[in-house]
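Below: the structure, in structure tokens.
The values are calculated or read from the model by the stated rules, or taken from the named source; none is laboratory data. What you are looking at is a predicted structure, and each value in this text was computed from that prediction instead of being measured. So basically every Cβ, Gly included, is an ideal-geometry build from the backbone, and we count neighbours across all protein chains shown. What goes into the accessible areas is simple: the full protein's heavy atoms, side chains included, and nothing from ligands, DNA or RNA. Shrake-Rupley method; radii C 1.70, N 1.55, O 1.52, S 1.80 Å.
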Amino acid sequence: MRTDEEDFGTAGATPAHFGALKHYDPPLGPGAFVAVVGPSGSGKDTLIYRARDWFSGRDGIVFPRRMVTRPPEDVNEDHISITEADYNRIVEDKDAALTWRAHGLGYIVPSDVDAAITSGAIVVANISRMAVSDVIRNYARAVVVVVTAPREVLAERLKARGRETPEEIASRLDRADYTLPPAPRMLMIDNVASPAKSSAKLINLIERLHLEVETMPL
């Protein structure tokens, strides 16, 4: 069965790869990787952007910009636009922390997050749910933040952003339920309250992790 993180039909694209291009043993630390996941329309980016603004100018907390094979004029996401050739080269060179394909696009979390975690930083990134296993394997302090919302809320948000056709919206909704692998540390955020209330949960988690890294070395 295909999931919303699978895409094998993009012409000229590298065959789908999900997760880390490298595996670390022992896993990287002492910093933490906060993996924000959830279905399309759950509001992941909204919570991340609010947390990023809250911690603006604060050392040791990193919100990496994803590289995406999407035109730069797309204003729905703050990303670095790359070509399919760029994506293929990065995958071939294993020059990324995480890569995956979804909805005809290639996504990359840049490799410099590994150095940030090694230096003790907290890294917060919106990732594919199918990359969670690699995050847990590669980072000693990995926390999965699952952002959810009822189906009708997801539908309204997807319609409002105007990126998908009605058929594509229906397809995303049908694939919204995806079983995550077991994670030792997980936070659930039911994102139907105000963005301030929902993002406060993410902000509080980051604050706790920052204190943990400073006071409880691995």
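Output the number of residues of the stretch 49-67 satisfying the condition of being open to solvent by less than 60 Å² (accessible area, probe 1.4 Å) and either in contact with a Leu (Cβ under 6 Å, 6 or more places away or on another chain) or over 20 Å from R163 (Cα atoms) (or both). The qualifying residues number 7. Number of residues in the stretch 119-134 that are in a helix (DSSP H, G or I) and not basic (K, R): the value is 5. For the stretch 134-167, the tally of residues that are out of contact with any Leu (no Cβ under 6 Å at 6 or more places or on another chain), over 17 Å from D177 (Cα atoms) and among the small types (G, A, S) stands at 3. Looking only at the stretch 19-35, decide whether some residue is crowded, with 18+ Cβ neighbours inside 10 Å, within 12 Å of the chain's Cα centre (by Cα) and at pLDDT below 90. Yes, the stretch 19-35 has at least one match. Screening P181, P217 for residues that are under 20 Å from the mean Cα position of the chain (by Cα), modelled with pLDDT under 90 and not aromatic (F, W, Y) leaves exactly one candidate, P181. Being open to solvent by 10 Å² or more (accessible area, probe 1.4 Å) and part of a helix (DSSP H, G or I) is the requirement here; does D78 meet it? For D78, the condition - open to solvent by 10 Å² or more (accessible area, probe 1.4 Å) and part of a helix (DSSP H, G or I) - is not met. Among the residues in the stretch 102-118, are any in a loop (DSSP other than H, G, I, E, B), at pLDDT 95 or above, more than 11 Å from K22 (Cα to Cα) and out of contact with any Asp or Glu (no Cβ under 8 Å at 6 or more places or on another chain)? Scanning the stretch 102-118 turns up no residue that is in a loop (DSSP other than H, G, I, E, B), at pLDDT 95 or above, more than 11 Å from K22 (Cα to Cα) and out of contact with any Asp or Glu (no Cβ under 8 Å at 6 or more places or on another chain).
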